[in-house]
Ligand SMILES: Nc1ncnc2c1ncn2[C@@H]1O[C@H](COP(=O)(O)OP(=O)(O)OP(=O)(O)O)[C@@H](O)[C@H]1O
Ligand SMILES: [Mg+2]
């Protein structure tokens with residue numbers, strides 16, 4: 001076995017491994033409930049960590065937190081180890097950082113409305129095409145002026161401003177119906193009532209904090225507690241998608257490498273694709289494809305392989321299929337579809353075996369060093385070195401309290417102090433802004449004079465709309481006026497002009 005392989009399990013004759021260098025060709029973990037998906041994810045996460053690769057994963061049931069605690073010996077574990085021929089299996093936990101959008105079971109993870117952008121926000125709010133158009137306009141106006149929207153309050157102010165000034169904006173941005181704005185405002189209210197505003201605010205999470213190694217060189221496993229968040233599936237899925245797009249946009253391109261830079265596990269991935277409009281699906285597919293060259297591996301975890309659209313499935317090179325039970329016609333269809341995605345093994349019938357697999361057993365096909373999928377192997381999965389089930393609350397709290405990231409994110413727990421901080425920053429900026437505004441006004445006046453002397457220019461009007469906007473919105477929202485914002489594929493901020 002070479003250094004960069006991950007031991008997945010054994011087939012009775014030999015060990016089955018995952019080539020970690022191929023992890024950026026992504027993966028799929030599927031299987032019915034209780035068949036071993038989470039434990040497989042746990043084994044992968046701790047193995048990547050040992051190889052020095054940081055991991056990000058959502059924890060939907062809370063049981064994944066066990067990856068931070070050491071496992072215990074058990075006769076059943078011994079049986080597995082013996083079958084797979086593993087002789088070195090120290091029970092140990094992996095370095096972990098806990099995150100929680102509610103700031104209770106981990107560091108508060110947040111982002112700003114501006115960072116999330118119009119596309120994902122529209123998806124979050126389940127807007128129709130017309131409403132999304134208006135949302136795009138609101139962001140365009142803000143982006144053109146470099147205006148940052150921190151939370152939903154800012155967005156509301158921005159939308160109201162757009163509605164109030166729709167006549168002036170129409171020429172540059174197209175028609176804006178008041179009814180659409182009203183509809184969006186209503187959806188915002190619903191989102192807030194569902195607790196969807198929790199992750200909007202500052203300080204926004206920094207991608208580099210998800211890509212850390214501890215002092216022994218192990219990759220740190222970032223665990224996002226989703227036990228509560230998961231009850232709002234749309235918010236959960238949009239948030240993870242945003243994080244993925246953020247990684248894609250922020251990380252530099254990278255040539256071939258021995259190991260991925262980060263591995264991202266998307267649990268309950270069907271939520272990402274359920275009811276996703278076609279345009280969004282296309283963008284998701286694009287992000288999954290492009291993130292590969294940034295050295296990030298994405299593993300989707302879900303019950304049925306056909307939960308994931310074909311365009312995406314085609315990009316998932318490493319497959320781990322746990323048991324599926326064929327009770328209903330839907331099950332049988334899923335089972336057949338699952339079987340068809342594998343390169344057949346002459347030793348057995350794939351479809352039959354998927355139905356027969358025991359708990360902690362799987363059908364596996366991984367990419368070899370050339371990127372070719374191996375023929376499917378029936379595999380008894382390796383046990384984790386860490387513990388089954390959730391880490392106990394006290395131990396978890398200790399880890400969160402000791403975390404070096406605490407200082408950077410804890411002030412978000414007290415939103416008031418975050419506001420104070422902003423207010424202070426604003427006060428400092430206000431003075432500067434006033435000076436700039438005065439200068440701009442002077443320049444504009446001079447320009448107007450000059451233009452009046454020449455002939456009226458079509459650009460003149462746009463200038464005055466922009467300026468009026470800058471002044472009146474800045475007054476309402478009171479956020480930073482900077483350079484024009486540029487957005488990426490899924491609308492997250494990628495730079496400033
Ligand atoms: N690789 C393994 N080694 C030893 N035991 C395992 C392994 N995989 C699964 N098990 C056993 O099976 C149980 C259920 O596995 P797991 O929690 O991973 O299922 P799951 O597919 O995630 O279920 P759900 O869909 O309900 O979340 C585990 O608690 C453990 O006891
Ligand atoms: Mg599970």
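The values are calculated or read from the model by the stated rules, or taken from the named source; none is laboratory data. What you see is a predicted model, and the numbers here were worked out from it, not measured in a lab. Note that we place each Cβ from the backbone using ideal geometry, even for glycine, and neighbour counts take in every protein chain shown.
Values as computed for the structure displayed
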{"quantity": "The stretch 157-200: number of residues that are in a loop (DSSP other than H, G, I, E, B) and more than 17 Å from residue 142 (Cα to Cα)", "calculated": "7"}
{"quantity": "Among the candidates 444, 407, residue that is exposed (fewer than 12 other Cβ atoms within 10 Å of the Cβ), in a helix (DSSP H, G or I) and modelled with pLDDT of 75 or more", "calculated": "407"}
{"quantity": "Among (1) over 28 Å from the mean Cα position of the chain (by Cα); (2) surrounded by fewer than 16 Cβ atoms within 10 Å (Cβ to Cβ) - the single one residue 353 does not satisfy", "calculated": "(2)"}
{"quantity": "Per-region count, the stretch 19-47, residues away from ligand 2 (no atom under 12 Å from the Cβ), under 20 Å from residue 368 (Cα atoms) and over 19 Å from the mean Cα position of the chain (by Cα)", "calculated": "6"}
{"quantity": "Residue in the stretch 193-205 that is crowded, with 17+ Cβ neighbours inside 10 Å, under 30 Å from residue 48 (Cα atoms) and modelled with pLDDT of 85 or more present", "calculated": "yes"}
{"quantity": "Qualifying residue in the stretch 251-261 (condition: in contact with a helix residue (DSSP H, G or I) (Cβ under 8 Å, 6 or more places away or on another chain), touching a residue at least 60 places away in the same chain (Cβ under 8 Å) and under 26 Å from residue 230 (Cα atoms))", "calculated": "no"}
{"quantity": "Subset of the stretch 100-148 [within 16 Å of residue 494 (Cα to Cα) and over 20 Å from the mean Cα position of the chain (by Cα)]", "calculated": "139, 140, 142, 143, 144, 145, 146, 147, 148"}
{"quantity": "Residue match in the stretch 51-65 (condition: more than 9 Å from ligand 2 (Cβ to nearest atom), buried (at least 24 other Cβ atoms within 10 Å of the Cβ) and in a helix (DSSP H, G or I))", "calculated": "yes"}
{"quantity": "Residue in the stretch 315-332 that is at pLDDT below 95, touching a strand residue (DSSP E or B) at 6+ places or on another chain (Cβ under 6 Å) and either surrounded by fewer than 16 Cβ atoms within 10 Å (Cβ to Cβ) or farther than 24 Å from residue 5 by Cβ (or both) present", "calculated": "no"}
{"quantity": "Pairs where the first residue, in the stretch 12-32, is under 17 Å from residue 359 (Cβ atoms) and the second is assigned to a helix (DSSP H, G or I), C-beta under 6 Å, 6+ apart", "calculated": "29/37; 29/40; 30/305; 31/37"}
{"quantity": "Options 13, 35, 40: the member that is assigned to a loop (DSSP other than H, G, I, E, B) and within 15 Å of ligand 1 (Cβ to nearest atom)", "calculated": "35"}
{"quantity": "Which listed residue is touching a strand residue (DSSP E or B) at 6+ places or on another chain (Cβ under 9 Å), farther than 15 Å from residue 196 by Cβ and surrounded by 22 or more Cβ atoms within 10 Å (Cβ to Cβ), from 138, 96", "calculated": "96"}
{"quantity": "Given (1) without any contact (Cβ under 8 Å) to a residue 60 or more places away in the chain; (2) in a strand (DSSP E or B), index of the condition residue 79 fails", "calculated": "(2)"}
{"quantity": "Residues that are in contact with a strand residue (DSSP E or B) (Cβ under 6 Å, 6 or more places away or on another chain) and either part of a strand (DSSP E or B) or within 16 Å of ligand 2 (Cβ to nearest atom) (or both), drawn from the stretch 66-76", "calculated": "66, 67"}
